[in-house]
Amino acid sequence: MVRSDGVPGRQAPYCLTIVRMPLDDHLERVRLLRQQGQTPKQIARALEIKPAEAARLVRSAAILAHAEAPEPALVGCWISPSWSTGLT
């Protein structure tokens, strides 16, 4: 066997990975399944992937959802103009 870098020996594990579905499609399916209340393990079964990969996709979907969420509105400011007087 020849590794991906041309050195004889064992083939690197990343060379054996088969991509079944584009990542965007996986993330969208994960997002929908999480909205339905499914666990990462159930998502892994539905997508026919390893539970660890499903957990990674669930975390990625959560990060993307958080990034897309709008910032909460500023309710008010309770600092007075002379707040720093006497802080020496």
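The values are calculated or read from the model by the stated rules, or taken from the named source; none is laboratory data. These numbers were taken from a predicted model, which means no experiment stands behind them. Because the Cβ atoms are built from the backbone with ideal geometry, glycine has one as well, and the counts that use them run over all protein chains shown. For accessibility, only protein heavy atoms count, side chains too; no ligands or nucleic acids. Shrake-Rupley method; radii C 1.70, N 1.55, O 1.52, S 1.80 Å.
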Would you kindly derive the ³J(HN,Hα) couplings of segment 54-64 from the backbone phi angles with the Karplus curve 6.51 cos²θ - 1.76 cosθ + 1.60 (θ = phi - 60°), listing them in order in whole Hz, with x for Gly and Pro? 5, 4, 5, 5, 4, 5, 5, 5, 5, 5, 5
With every protein chain in place, what's the accessible area of ILE63 (1.4 Å probe, Å², nearest 10)? 120 Å²
TRP78, TRP83, ranked by accessible area, largest first (probe 1.4 Å): TRP78, TRP83
Ranking by accessible area, most exposed first, for VAL58, VAL75 with a 1.4 Å probe: VAL75, VAL58
What distance in nm separates the simple spin-label points at GLN35 and LEU87, each placed 7 Å from Cα in the Cβ direction? 4.5 nm
Solvent exposure of segment 39-88 as accessible area per residue, Å², 1.4 Å probe: 86 Å²
What part of the accessible area of segment 31-85, given as a whole %, is carbon or sulfur when the probe is 1.4 angstrom? 60 percent
